[in-house]
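Inspection log for the structure reproduced underneath, given as structure tokens.
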Amino acid sequence: MSVAMTGDRGVSAQPEAIPLDAEELKRARAAKIEAVGRWVIPIFVLAATVVLWDRVCVWKEVPHYILPRPGLVFQTLLADWSILSIALLNTLKITFGALFIATAGGLGLAILFTQSKWIEISFFPYAVILQVTPIIAIAPLILIYVDSLTAGLLICAWIVAFFPILSNTTLGLNSADHNLQNLFRLYGASRWQTLRYLRLPSAMPYFLAGLKIAGGLSLIGAIVAEFVAGSAGSGSGLANQILEASYRLNMPRMYAALILISFTGILIFLTMTLISHLLLRKWHESALKREV
Amino acid sequence: MTAMVEKKMQETPAQSAPIISLKGVSKTFSNGTVALNNMSLDIRQGEFVSLLGPSGCGKSTALRIVTNLTGPTSGKVEWPQERANQKEHELSFVFQEPTLMPWATVFANVWLPLRLKGLSRKDAEDRVMEALQMVGLDQFAKSYPRELSGGMKMRVSIARALVTKPKVLLMDEPFAALDEITRFKLNNDILNLWETFGWTVIFVTHSVFESVYLSNRIVVMAARPGRVVNDMPIDAPYPRDESFRTSSVYAGFCRDVSGALHAAMGSGEEH
Ligand SMILES: Nc1ncnc2c1ncn2[C@@H]1O[C@H](COP(=O)(O)OP(=O)(O)OP(=O)(O)O)[C@@H](O)[C@H]1O
Ligand SMILES: [Mg+2]
């Protein structure tokens, strides 16, 4: 009764020894160059920019209180590390705290929205209003009403970060394949089973795309809130360091703090990309290597 | 197996009780399309019925009504052999597309119907592997759908339909997107499985040749409005194989059914 297999187990099993023709060799070489270039070229551009920055400072004799040389910025970063590291830690706490709440809240609200049309109709407009009102305009109010500085900062960063997760996940939960939905109905799946086995996996790529945006936004939200709060106390973050340094015209420290913020942003982006890749690489089109 | 086939041949379908009974089913969509008009049809236990008709004549709609995915506008579907309040029927559906979950392995896809009934991976394992063996894909349990060819995906879909050991199997143009060789092969597989397990099959198709090869009864439908215009028995003995495909009996049936289909399409155009 069994049917003979068609096709091979996998393409990867093909022996290496097959003679490659010139066309294939060329394509393989191009692929390799592209893979290396993807990393090397941006790094090279960065290095060139830093060198150019340094050269411009020297050639034009720019004073260090206007534009410090990269070397000086780096020295300041090391010298002021004890102050900057505390600020960095505070900013990271707000950023990741907000990202966590935004993820949980966005996901939970999205699930709630798909369970009941009425809940979605009632609350979605307010999510949109929160999103379209610039955070810088609401932040002073929030920071006045909320006693704890940390809580105020968290709320501001959360407001900025949660919308992409909410709207992306809602879209994802609603775009489960119709035939699969019918199949689930046919087999008498409960609401919970349909959510667990069909809607959530379908929403995964959308959710992850939202998470990638939210990661960057929660950092932006944290920095903006810190600027508005403007405190110089124990809870002060990198934004406060920039403000303070600017009052004193301490340009090297401003640049050092700025570089730390940028690196944090890049790191968050790379982490999200990695998570997304690990979760999707087995099945989703976006993460698949196409075999040529 | 021969005993079973003989039994099937003796027992003309008209004698056994219907398992599904459509009574005056009509379906009008909200945009005014009359997809089905007063369709009555008795499907008997163990039959292999093909619904054959031009595009848009309501074949898919009929299947969706039988499975209760949509309700009829008027008329009703009865399952005379089941308890009155039984909600779920022991049926499986094979869609035109494989309709697999891309994030799940072949194993998990076939496991799904059992999983929804609360069976753990361990409890379901034997049955899942058995179903995969029936379609010859047990080697591919750990693969993802994207790693399979179109025909293999369709077989996974069939395995998923088989894993619940259904009494009734509904198939909506399951092989329409496949090449002829794969299609013939899957035709044979389905026939073999049908003879072994004694299911009732409702098979929707565009193809006269496929319907004659597979079924012991062909219901010809016409469009605008969708309705049954002809109900033809195909009394050729099973098992059928390649020699049947080239026989003059087969050619004769194909000619008759083609004629009926053309008549149906002609009458449809008059409207
Ligand atoms: N959701 C819908 N809303 C409105 N009209 C519909 C809908 N689904 C189907 N129809 C109409 O109902 C008629 C029958 O459709 P159905 O899908 O049952 O045809 P079919 O026989 O399966 O055709 P095919 O062979 O092309 O699959 C068609 O005229 C179609 O336009
Ligand atoms: Mg159809």
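The values are calculated or read from the model by the stated rules, or taken from the named source; none is laboratory data. Note that the coordinates shown come from a computational prediction; the quantities given were computed from them, not determined experimentally. Virtual Cβ from ideal backbone geometry, glycine too; neighbours counted across all protein chains shown. Calculation scope for accessible area: heavy atoms of the full protein, side chains included, ligands and nucleic acids excluded. Shrake-Rupley method; radii C 1.70, N 1.55, O 1.52, S 1.80 Å.
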Going residue by residue through the range B:260-271, is there one that turns out to be open to solvent by 30 Å² or more (accessible area, probe 1.4 Å), within 23 Å of the chain's Cα centre (by Cα) and modelled with pLDDT under 90? yes
Would you mind stating whether residue B:124 is at pLDDT below 90 and either of a type outside the set (Lys, Arg) or within 28 Å of residue B:179 (Cβ to Cβ) (or both)? no
Tell me, which residue of the range A:240-292 that is basic (Lys, Arg) and touching a Ser or Thr at 6+ places or on another chain (Cβ under 9 Å) is farthest from residue B:142 (Cα to Cα)? A:253
Within the set of pairs 6 or more residues apart or between chains, which connect a residue that is within 16 Å of ligand 1 (Cβ to nearest atom) inside the range B:93-104 to a residue that is of a type in the set (Gly, Ala, Ser) and part of a loop (DSSP other than H, G, I, E, B) with Cβ atoms less than 9 Å apart? B:96/B:176; B:96/B:177; B:97/B:177
Of all residues in the range B:167-179, which are open to solvent by less than 10 Å² (accessible area, probe 1.4 Å) and more than 16 Å from ligand 1 (Cβ to nearest atom)? B:168, B:169
Write out, first by first residue and then by second, each pair whose Cβ atoms fall under 6 Å of each other, whose residues are 6+ apart or on separate chains, and whose first residue, in the range A:100-126, is closer than 19 Å to residue A:174 by Cβ and in a helix (DSSP H, G or I) while the second is modelled with pLDDT under 95 and open to solvent by 60 Å² or more (accessible area, probe 1.4 Å). A:119/A:112
Does any residue in the range A:171-187 that is within 10 Å of chain B (Cβ to nearest Cβ) come within less than 7 Å, Cβ to Cβ, of a residue that is of a type in the set (Lys, Arg) six or more places away or on a different chain, and which pairs are these? A:176/A:199
Kindly indicate whether any position in the range B:237-244 is small (Gly, Ala, Ser) and open to solvent by 60 Å² or more (accessible area, probe 1.4 Å). yes
Taking residue B:73 as the residue in question, decide whether it is touching a residue at least 24 places away in the same chain (Cβ under 8 Å), open to solvent by 50 Å² or more (accessible area, probe 1.4 Å) and in contact with a strand residue (DSSP E or B) (Cβ under 6 Å, 6 or more places away or on another chain). yes
Among the residues of the range A:259-292, count how many are more than 14 Å from chain B (Cβ to nearest Cβ) and either over 18 Å from the mean Cα position of the chain (by Cα) or at positive phi (or both). 1
Residue among A:42, A:68, A:63, A:15 that is away from chain B (no Cβ under 14 Å) and modelled with pLDDT under 85: A:15
If we keep only residues of the range B:72-94 that are in a loop (DSSP other than H, G, I, E, B) and modelled with pLDDT of 90 or more, then the residue nearest to the other protein chains (Cβ to nearest Cβ) is B:72
So which pairs qualify, if the first residue must be in the range B:242-262 and assigned by TED's automatic domain parsing to the domain that holds residue B:205, the second must be of a type in the set (Lys, Arg), the Cβ gap must be under 9 Å, and the two must be at least 6 apart or on different chains? B:250/B:240
Hey, among B:49, B:110, which residue is touching a residue at least 12 places away in the same chain (Cβ under 8 Å) and under 14 Å from the mean Cα position of the chain (by Cα)? B:49
Subset of the range A:64-94 [outside any helix (DSSP H, G or I) and under 27 Å from the mean Cα position of the chain (by Cα)]: none
Quick check on the range B:45-61. Is at least one of its residues within 15 Å of ligand 1 (Cβ to nearest atom), modelled with pLDDT under 90 and open to solvent by 70 Å² or more (accessible area, probe 1.4 Å)? yes
Of A:199, A:253, the only residue that is within 25 Å of residue A:275 (Cβ to Cβ) and assigned by TED's automatic domain parsing to the domain that holds residue A:172 is A:199
Quick check: is even one residue across the range B:121-134 away from ligand 1 (no atom under 16 Å from the Cβ), in contact (Cβ under 8 Å) with a residue 12 or more places away in the chain and either in contact with an Asp or Glu (Cβ under 7 Å, 6 or more places away or on another chain) or assigned by TED's automatic domain parsing to the domain that holds residue B:41 (or both)? yes
For residue B:29, work out the one condition from (1) more than 16 Å from ligand 1 (Cβ to nearest atom); (2) open to solvent by 60 Å² or more (accessible area, probe 1.4 Å); (3) among the hydrophobic types (A, V, I, L, M, F, W, C) it doesn't fulfil. (1)
